[in-house]
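Q: Following this message is one structure expressed as structure tokens.
The values are calculated or read from the model by the stated rules, or taken from the named source; none is laboratory data. Being a predicted model, the structure only gives us computed values, none of them experimental. Methodologically, a virtual Cβ is constructed for each residue, glycine included, from the backbone with ideal geometry; neighbour enumeration extends over all protein chains shown. In case anyone asks, the SASA skips ligands and DNA or RNA and just uses the protein heavy atoms, side chains included. Shrake-Rupley method; radii C 1.70, N 1.55, O 1.52, S 1.80 Å.
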Amino acid sequence: MIELDKKYDPHAVEEKWNRFWLDNGFFRADETRDGKPYSIVIPPPNITGSLHIGHAFNNTLQDILVRWKRMQGHNTLWQPGTDHAGIATQNVVERQLRAEGADRESLGREAFVERVWKWREESGGTIEHQLKKLGCSLDWERNRFTMDDGLSRAVREVFVTLYEEGLIYKGDYIINWCPRCRTALSDLEVEHEDRKGHLYHIQYPLMDGNTVLTIATTRPETMLGDTAVAVNPEDERYRNLKGQHVVLPVVNREIPIIEDSYVDVEFGSGALKVTPAHDPNDFEIGRRHNLEVINVMNPDGSMNENAGSYKGMDRNACRKALVEELTEQGSLVKTEEIEHSVGLCYRCRTVVEPYVSKQWFVKAKPLAEPAMEAVRSGATKIVPKFWENTYFEWMENIRDWCISRQIWWGHQIPAWYCECGEMTVAREAPSSCPKCGSEKLEQESDVLDTWFSSALWPFSTLGWPEETASLKRYYPTSVLCTGFDILFFWVARMMMMGLKFRGEVPFKTVYIHALIRDAEGQKMSKTKGNVIDPLAVMKEYGTDALRFTLAAFAAQGRDIKLSEERISGYRNFCNKLWNASRFAFMNLQDYDGTCELDAAKTDRTLADRWILSRFNECCRALDEALENFKFDQAASVIYKFIWNEFCDWYIELSKSRLFAEGPEKRGTQNVLVHVLESSLRMLHPIMPFITEEIWKQLPGSGETIMRAPFPKYDESRRDLDAEREMARVMDAVTGVRNIRGEMNINPGAKLTVLIKPETPEIVATLKKHSAYLTELAKVEELTIDADAAKPEASASTVLEEMEVFVPLAGLMDFGEEKKRVEKELKKIEKDLIVLDKKLSNQDFVKKAPPQVIEKDREKRQVLSEKQSKLLLHFKKIEALD
């Protein structure tokens, strides 16, 4: 006899099957295997990270796709790997050093990099172990790291090739600079936040001594580097000022008044201070007018020698002191409190400083055009489609990409400098200077932006620049599954690099999923205390429950409101499946067949024909949902079939035949085990652990459910007659059950039921299958008559094709029932008054935690619905009394 434990224990099951899958290499890809290739590259998590709910969501969706396609017979590869995460990782190790009373400068570059590698060996694999716990069927034997030897070679090859073609250059440019991390940041690495600040209105006197221009700025400390004042050439107010000069307050430097169409005549006075070294727009104005670039800050955000008496001050202290001096001089005429957008370093949240320095750049526009055309032509499809507009908007306005970072951890730029002034960019370190022959060469100290190596991920992980078998078999990849927040950081750049170096798009489809928020729709954050830890909920409810929840809420274009209650709800689904399987196994004791459907049997019961047809339709709907990345619909289809149709209806319908003897019993056993086994295969991509555990107990099961075929829709198995007939039976049973519930009739009481169908056809159907009605609705006396009249003192319900009547005489004391209902209504009314008083108290609403308020609102909703039902019930009893 096949037996399952009475209670499902997810932890023991998950550990067992994870180890089994890994030990037997079931996740392993093989280029030589038959089957259409289906490949996905994981968005490489940072080595500093541990599994958060966003990782769990993204990787669950990828795993669903890979397991589904693997079972469909595709030759699948899910490529794993991690990212070296330059700034983030360096910050982690620097914090460790500070705790030890040291810093990276005291170690020196070589020793510091060795320290980071050591940290990576000890702590960098945390998230990989957690992904395994989630059940991710990545080919772990192919695990890559963005700084391993192969990927480092690919990075050098791409850098040197782009340099040789003039697409990488070094030059002075204004960049985003983090004074805390002391490195350049790309535009995408700057996060903007609205903050309160001040707008300072400062008077710049003209040289003639008679006129002043009032100029507004939020950053007065940068005025020390002003080299012009600009006005719009169309601004009539300043037409006569062209060619004149003003005196820069405090500094007393003479600077010109220039005309430039960039100036907004509506903002402030219409006159703009121009600081080419400290504002990106001013930098461009300076280029157009050949203005001097005066940098007044050091890399750490302190003021340099160009700031005069403010030299050595922190930029914020300088602002305060400068405002005081301007006030004393009478140059500061007004200070306004404003709210404005401030750029912050995405890693340390320090206010970013626009800063002119020598950096390395990629010319982006020549690479962006083919990447846009690939999406226009459909070579790469973005799902949901509305993200295409965002993609195009960014690509059309793309700026050159600053790829150099002033840190030590990362791919050191392959450029070497000689004392003679020659610079050599090469794939391998040169032994001598090609110009003067000197062997005294020094490598560029900057490293590449982390996203540079990540941009090569789809082909570098497959062995490029070698033409490997993996590259030929699995590139371009099939799908990229990612969040919209890295559409530009990563997706667009992979498109550019893939097309440039492989001549093909890196992926055929980009699926952009939504963000996970808390139950109230708020962004999750540690400070709010609303973070859901996937590892904690996996421990509490099981991994399959979490995976199914994430799939069930993955609607396209809609953020997910997640709560532990929802995960708990899908744990109940696991238990429902487990108990249904236990029931099946207990009733297969004398079954000597397999899980294959007995093709020779033609006289199946209506229930058997119906469940087989419904399962077939479920296969069609599930495939369609997954093909279109509608994970929520896929989960809904499976859930409704297994919970409602298989467990709640078919198992109940099958009990009388399973408990009897004869040919009908074996036929029902065969259908029961066939549908259970097929349902497990259908559910496996979403819930891999519980399905493997049950499936392995079934007769004739193979090595692993992972390699069993995914169920296919078969048009010839569709039985619309059975579905139509069973729908009528189910309607009638549901009608009787509803009356029993509404009228508070004892669940075990046998009923007299009269059904009045609309047509003779329905009469025939219900009479033919009346055994189902008497069994499931607990009916003692059943009458099915198209001409029936409503009996006295009976409850009724009107359905689409019939009316159902249940005589109540002898089933209840109408007077006592009215008293019971009245008592319950009074209690509900009292509870509602208390809740309404609490929820209308503004003080309570302001101070109480959101989850408490939401719980009270939900409680009120439940009570209100119950009140409505009881009032309806009371009216019915009154009518019958």
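Q: Do any residues in the range 69-80 that are at negative phi have Cβ atoms under 8 Å from those of residues that are assigned to a helix (DSSP H, G or I) and among the aliphatic types (A, V, I, L, M), where the two are at least six apart or on different chains, and which pairs are they?
A: 70/706; 71/706; 76/66; 78/66; 80/131
Q: On to the next question. For the range 489-534, how many residues are in contact with a Phe, Trp or Tyr (Cβ under 9 Å, 6 or more places away or on another chain), of a type in the set (Phe, Trp, Tyr) and within 27 Å of residue 37 (Cα to Cα)?
A: Qualifying residue count, the range 489-534: 3.
Q: While we're on this one: Filter the range 1-39 down to the residues that are exposed (fewer than 11 other Cβ atoms within 10 Å of the Cβ), among the basic types (Lys, Arg) and within 26 Å of residue 474 (Cα to Cα) and list them by number.
A: Matches in the range 1-39: none.
Q: Can you tell me which of 466, 520, 442 is outside any loop (DSSP other than H, G, I, E, B), acidic (Asp, Glu) and either more than 26 Å from residue 66 (Cβ to Cβ) or more than 21 Å from the chain's Cα centre (by Cα) (or both)?
A: When all the criteria are applied, what remains is 442.
Q: Hey, another quick one. Any chance you could count how many residues in the range 307-336 are open to solvent by less than 40 Å² (accessible area, probe 1.4 Å) and either among the charged types (D, E, K, R) or not in a loop (DSSP other than H, G, I, E, B) (or both)?
A: Matching residues across the range 307-336 total 9.
Q: Also: Within the range 424-435, is even one residue part of a loop (DSSP other than H, G, I, E, B), within 24 Å of residue 455 (Cβ to Cβ) and touching a strand residue (DSSP E or B) at 6+ places or on another chain (Cβ under 9 Å)?
A: yes
Q: Further question: Looking at the range 140-240, what strands (runs of 3 or more DSSP E) fall wholly within it and have at least 1 residues that are open to solvent by 40 Å² or more (accessible area, probe 1.4 Å) and over 30 Å from residue 428 (Cβ atoms)?
A: Once the strands (runs of 3 or more DSSP E) in the range 140-240 are filtered for at least 1 residues that are open to solvent by 40 Å² or more (accessible area, probe 1.4 Å) and over 30 Å from residue 428 (Cβ atoms), what remains is 190-205, 212-217.
Q: Given (1) within 24 Å of residue 734 (Cα to Cα); (2) more than 35 Å from the chain's Cα centre (by Cα), where does residue 641 come up short, assuming only one miss?
A: (2)
Q: Also, I was wondering about something else. Here is a check on your reading of the model: is residue 60 under 20 Å from residue 692 (Cα atoms), surrounded by 16 or more Cβ atoms within 10 Å (Cβ to Cβ) and in contact (Cβ under 8 Å) with a residue 24 or more places away in the chain?
A: yes
Q: For the condition outside any helix (DSSP H, G or I), within 24 Å of residue 352 (Cβ to Cβ), out of contact with any Leu (no Cβ under 7 Å at 6 or more places or on another chain) and open to solvent by 20 Å² or more (accessible area, probe 1.4 Å), what is the one hit in 292, 254, 284, 266?
A: 292
Q: I'd like the residue in the range 555-584 that is of a type in the set (A, V, I, L, M) and modelled with pLDDT of 90 or more and, out of all such residues, is nearest to residue 543 (Cα to Cα).
A: Filtering first and then ranking leaves 567.
Q: Among the residues in the range 530-537, are any surrounded by fewer than 24 Cβ atoms within 10 Å (Cβ to Cβ), assigned to a loop (DSSP other than H, G, I, E, B) and not hydrophobic (A, V, I, L, M, F, W, C)?
A: Scanning the range 530-537 turns up at least one residue that is surrounded by fewer than 24 Cβ atoms within 10 Å (Cβ to Cβ), assigned to a loop (DSSP other than H, G, I, E, B) and not hydrophobic (A, V, I, L, M, F, W, C).
Q: While we're here: So residue 137 passes all but one of these: (1) part of a loop (DSSP other than H, G, I, E, B); (2) surrounded by fewer than 21 Cβ atoms within 10 Å (Cβ to Cβ). Which condition number does it fail?
A: (2)
Q: When you scan the range 100-128, how many residues do you find that are open to solvent by 50 Å² or more (accessible area, probe 1.4 Å) and either of a type in the set (Lys, Arg) or under 26 Å from residue 52 (Cα atoms) (or both)?
A: Qualifying residue count for the region: 8.
Q: For the range 370-386, which residues satisfy the criterion of being more than 12 Å from residue 493 (Cα to Cα) and assigned to a helix (DSSP H, G or I)?
A: Passing the criteria: 373, 374, 375, 376.
Q: Still on this model: If you go through the range 661-672 one residue at a time, do you hit one that is under 32 Å from the mean Cα position of the chain (by Cα) and open to solvent by 10 Å² or more (accessible area, probe 1.4 Å)?
A: Within the range 661-672 (the criterion being under 32 Å from the mean Cα position of the chain (by Cα) and open to solvent by 10 Å² or more (accessible area, probe 1.4 Å)), the answer is no, since none of the residues qualifies.
Q: So which helices (runs of 4 or more DSSP H) are wholly in the range 784-881 and hold at least 3 residues that are touching a residue at least 12 places away in the same chain (Cβ under 8 Å) and open to solvent by less than 90 Å² (accessible area, probe 1.4 Å)?
A: Ranges flagged: 814-839, 850-880.
Q: Find the residue count for the range 733-747, including only residues that are open to solvent by 50 Å² or more (accessible area, probe 1.4 Å), at negative phi and part of a loop (DSSP other than H, G, I, E, B).
A: Within the range 733-747, residues that are open to solvent by 50 Å² or more (accessible area, probe 1.4 Å), at negative phi and part of a loop (DSSP other than H, G, I, E, B) number 2.
Q: Residues to consider are 421, 378, 410; find the one that is surrounded by 18 or more Cβ atoms within 10 Å (Cβ to Cβ) and on the phi > 0 side of the Ramachandran plot.
A: On inspection, the qualifying residue turns out to be 410.
Q: Only one of these conditions is not met by residue 333: (1) of a type outside the set (S, T, N, Q); (2) without any contact (Cβ under 8 Å) to a residue 24 or more places away in the chain; (3) over 26 Å from residue 91 (Cα atoms). Which number is it?
A: All conditions pass for residue 333, except number (2).
Q: Could you tell me how many of the residues in the range 750-772 are outside any strand (DSSP E or B), open to solvent by less than 20 Å² (accessible area, probe 1.4 Å) and touching a Lys or Arg at 6+ places or on another chain (Cβ under 7 Å)?
A: Number of matching residues: 3.
Q: If you don't mind, another one. Within the range 354-366, which residues are modelled with pLDDT of 95 or more and open to solvent by 10 Å² or more (accessible area, probe 1.4 Å)?
A: Hits for the range 354-366 are 363, 365, 366.
Q: Next question, about the same structure. Taking the range 512-529 as the search range and keeping residues that are among the charged types (D, E, K, R) and free of Cβ contacts under 8 Å to residues at least 40 places away in the same chain, which one is surrounded by the fewest Cβ atoms within 10 Å (Cβ to Cβ)?
A: The residue in question is 526.
Q: Which pairs do you get when a residue that is more than 15 Å from residue 206 (Cβ to Cβ), found in the range 218-246, comes within reach of a residue that is small (Gly, Ala, Ser) and outside any loop (DSSP other than H, G, I, E, B), reach meaning Cβ atoms under 6 angstrom, with the pair 6+ apart or on two chains?
A: 218/197; 224/307
Q: Moving on. Tell me, please, whether a residue that is among the hydrophobic types (A, V, I, L, M, F, W, C), assigned to a helix (DSSP H, G or I) and open to solvent by 50 Å² or more (accessible area, probe 1.4 Å) can be found in the range 702-709.
A: Checked the range 702-709: no residue is among the hydrophobic types (A, V, I, L, M, F, W, C), assigned to a helix (DSSP H, G or I) and open to solvent by 50 Å² or more (accessible area, probe 1.4 Å).
Condition check ((1) modelled with pLDDT under 95; (2) more than 20 Å from residue 88 (Cβ to Cβ)) across all residues:
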site: 453; (1), (2): no, no
site: 476; (1), (2): no, yes
site: 482; (1), (2): yes, no
site: 501; (1), (2): no, yes
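Q: Further question: From the set of residues in the range 626-657 that are more than 24 Å from residue 562 (Cβ to Cβ) and basic (Lys, Arg), which is most open to solvent (accessible area, probe 1.4 Å)?
A: So, considering only residues that are more than 24 Å from residue 562 (Cβ to Cβ) and basic (Lys, Arg), the one most open to solvent (accessible area, probe 1.4 Å) is 655.
Q: Separate question: Please work out if residue 259 is without any contact (Cβ under 8 Å) to a residue 24 or more places away in the chain and either open to solvent by 50 Å² or more (accessible area, probe 1.4 Å) or under 18 Å from residue 239 (Cβ atoms) (or both).
A: no
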